[in-house]
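Here's the structure we're looking at; comments come further down.
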Amino acid sequence: MSLLPVRSPRSSIVPWLFVAGFTIVIAVNGTMMWLAIGSFSGLYTGHARERGVHYNDVVAEQRSRDALGWTVQVDWRPGTDRLDLAVKDAGGRPLEAATVTVELIRPAEKRPPVEVALKDAGGGRFSGDVDLPARGNWDADIVVEAAGKRFALTKRLFLR
């Protein structure tokens, strides 16, 4: 005969609280991983590897563009959804007889670029109307061609 009192077997909730807590943590982490993998890939261009392999060529092209000294001033008019550009040469004079193209790219979404049809307003100024599918941050990829030379730059704009 034992002198210790005999306890009746009863279930305890404490182990189940640990199991429930870990299950919630694993479910939340799994959901966050699924959302992170399925959203923005982080790639700005579809040819990232080729651009990386030819990185020195890209740097040399950028240096030759920078040597031109051209500047582009971008002005967004929210009430009219109008994009205005002023292009100047290294001396600060309007760049005459230039061809300018602009593509607006949404950096946080996978959507096709929005091309802006620009009209030459004279005196190195260009303007075009834009029908934006969404407001917010956009990258304006601007290409200016004049006198057989090509100048390209990207500007981050908040368009509302």
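The values are calculated or read from the model by the stated rules, or taken from the named source; none is laboratory data. Only a predicted model underlies this, so the values are computations on that prediction, with no experimental measurement involved. Note that we place each Cβ from the backbone using ideal geometry, even for glycine, and neighbour counts take in every protein chain shown.
Kindly provide the set of residues from the stretch 122-133 that are surrounded by 13 or more Cβ atoms within 10 Å (Cβ to Cβ) and out of contact with any Pro (no Cβ under 8 Å at 6 or more places or on another chain), ordered by number.
Phe126, Ser127, Gly128, Asp129, Val130, Leu132 - these are the residues of the stretch 122-133 that are surrounded by 13 or more Cβ atoms within 10 Å (Cβ to Cβ) and out of contact with any Pro (no Cβ under 8 Å at 6 or more places or on another chain).
Against the definition (under 22 Å from the mean Cα position of the chain (by Cα) and either touching a residue at least 24 places away in the same chain (Cβ under 8 Å) or surrounded by 14 or more Cβ atoms within 10 Å (Cβ to Cβ) (or both)), how does Gly136 come out, yes or no?
yes
Just one of (1) surrounded by 11 or more Cβ atoms within 10 Å (Cβ to Cβ); (2) of a type in the set (Lys, Arg); (3) modelled with pLDDT under 90 trips up Arg111, so point out which.
(1)
Could you tell me whether Asp129 is free of Cβ contacts under 8 Å to residues at least 24 places away in the same chain and farther than 30 Å from Ala36 by Cα?
For Asp129, the condition - free of Cβ contacts under 8 Å to residues at least 24 places away in the same chain and farther than 30 Å from Ala36 by Cα - is not met.
Output the helices (runs of 4 or more DSSP H) that fall wholly within the stretch 1-84 and possess 3 or more residues being surrounded by 10 or more Cβ atoms within 10 Å (Cβ to Cβ) and modelled with pLDDT of 90 or more, or say none.
In the stretch 1-84, the matching helices (runs of 4 or more DSSP H) lie at 14-38.
With within 14 Å of Leu159 (Cα to Cα) and either among the charged types (D, E, K, R) or out of contact with any Lys or Arg (no Cβ under 8 Å at 6 or more places or on another chain) (or both) as the only criterion, which of Val116, Val102 stands out? Outline the logic, then answer.
Numbers: Val102 fails: within 14 Å of Leu159 (Cα to Cα).
Answer to the check: Val116.
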